[in-house]
Amino acid sequence: MKITCVIVDDEPMALNLVESYVEKTPFLELKKKCSSAIEALEFIKTTSVDLLFLDIQMPDLTGIEFSKMLPKETRVIFTTAFDQYALEGFKVEALDYLLKPFDYSEFLVAANKASTWFELVKRKKQPIISEEKEFLFVKSEYKQLRIKLADVLYFESLKDYIKIWIKDNPKAILTLMSLKTLEEELPETQFMRVHRSFIVSLKNVEVIERSQIIINKQRITVSDQYKPKFLAFVNNNSLNS
């Protein structure tokens, strides 16, 4: 996924430095360098841009002021020599804040944050479940994998990732996704969230023991928050069918 970007800075050396960083970053595509926020504003009126590397202290229009005029889908990484603007950067929801002078490794950390953010936005816009509710499409290790929902035992949250446990597969599939996003896409008749870290396949529940579910020898606790919904399912459905 290419992220289109514009660099905005009134210092020519800073413009050229960030340009060199963008050019060596494969997932970034530079659309324009601008020496003022006014110039960048005119460009963005006619060209869609994903990301701005934006200086703060500039004549006529500051980076903070300019950021408030941007379309919602355009995100900002501030580049500045003054750390007192960090709080203002947070208020306008900047993806990151690079304090000059910064090297390429610092730049790349910020760029990767942007990449992760745009990837998550893309996933929210595109359905990850097929219309037939039979398959799950996930990105794992630079591949798009099609997973049959009937083969899924459960999903386990691991910070910003999800581990997908499948029948007859001792190793989980790891994908960058939130459990909340996944829960909204999964068919409710087949899957249920039973814990902040687990969504289970209802048909693969083998044993219910007090407040625990056993699936493929794995014990998963049903937390109090999700217990009423799960108990309603148990009371209204036969798990042996």
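Within region 1-23, the set of residues being in a helix (DSSP H, G or I) and farther than 15 Å from residue 102 by Cα comprises 12, 23. Scanning region 154-173 for residues that are touching a Lys or Arg at 6+ places or on another chain (Cβ under 6 Å) and of a type outside the set (Asp, Glu) returns a single hit, 172. Out of 26, 71, one residue alone is in a loop (DSSP other than H, G, I, E, B), open to solvent by 40 Å² or more (accessible area, probe 1.4 Å) and closer than 16 Å to residue 113 by Cα. It is 26.
All conditions but one from (1) out of contact with any strand residue (DSSP E or B) (no Cβ under 9 Å at 6 or more places or on another chain); (2) in contact (Cβ under 8 Å) with a residue 24 or more places away in the chain apply to residue 66; the one that does not is (1). Within region 217-228, restricting attention to residues that are polar (S, T, N, Q) and surrounded by 14 or more Cβ atoms within 10 Å (Cβ to Cβ), the residue that is nearest to residue 165 (Cα to Cα) is 218. Could we say that residue 43 is in a helix (DSSP H, G or I) and closer than 16 Å to residue 74 by Cα here? Criteria met by residue 43. Across region 29-66, the qualifying residues are those that are of a type in the set (S, T, N, Q) and touching a helix residue (DSSP H, G or I) at 6+ places or on another chain (Cβ under 8 Å), and the one among them that is most open to solvent (accessible area, probe 1.4 Å) is 57.
State yes or no: is residue 177 touching a helix residue (DSSP H, G or I) at 6+ places or on another chain (Cβ under 8 Å) and more than 14 Å from residue 136 (Cα to Cα)? It is false that residue 177 is touching a helix residue (DSSP H, G or I) at 6+ places or on another chain (Cβ under 8 Å) and more than 14 Å from residue 136 (Cα to Cα). State the number of residues belonging to region 174-210 that are outside any loop (DSSP other than H, G, I, E, B) and either open to solvent by 30 Å² or more (accessible area, probe 1.4 Å) or over 20 Å from residue 146 (Cα atoms) (or both). Final tally of qualifying residues: 16.
Out of everything in region 75-128 that is modelled with pLDDT of 90 or more and open to solvent by 50 Å² or more (accessible area, probe 1.4 Å), what residue ends up being farthest from residue 1 (Cα to Cα)? For region 75-128, the residue satisfying everything is 101. Using the structure shown, decide if residue 158 is modelled with pLDDT of 80 or more, surrounded by fewer than 19 Cβ atoms within 10 Å (Cβ to Cβ) and in contact with a strand residue (DSSP E or B) (Cβ under 9 Å, 6 or more places away or on another chain). Against the criterion (modelled with pLDDT of 80 or more, surrounded by fewer than 19 Cβ atoms within 10 Å (Cβ to Cβ) and in contact with a strand residue (DSSP E or B) (Cβ under 9 Å, 6 or more places away or on another chain)), residue 158 qualifies. Cβ separations smaller than 6 Å between residues 6+ apart or across chains give the following pairs from region 214-238 residues that are aromatic (Phe, Trp, Tyr) to residues that are modelled with pLDDT of 85 or more and open to solvent by less than 50 Å² (accessible area, probe 1.4 Å): 226/193; 226/194; 230/194; 230/222.
Just checking, does region 75-83 include any residue being free of Cβ contacts under 8 Å to residues at least 24 places away in the same chain and not in a helix (DSSP H, G or I)? Checked against the condition, which is being free of Cβ contacts under 8 Å to residues at least 24 places away in the same chain and not in a helix (DSSP H, G or I), region 75-83 yields no hits at all.
The values are calculated or read from the model by the stated rules, or taken from the named source; none is laboratory data. Because the structure is a prediction, the values reported are computed rather than measured. Neighbour counts run over all protein chains shown; Cβ positions are idealised from the backbone, glycine included. Please note that ligands, DNA and RNA were not included when accessible areas were found on the heavy atoms of the full protein model with its side chains. Shrake-Rupley method; radii C 1.70, N 1.55, O 1.52, S 1.80 Å.
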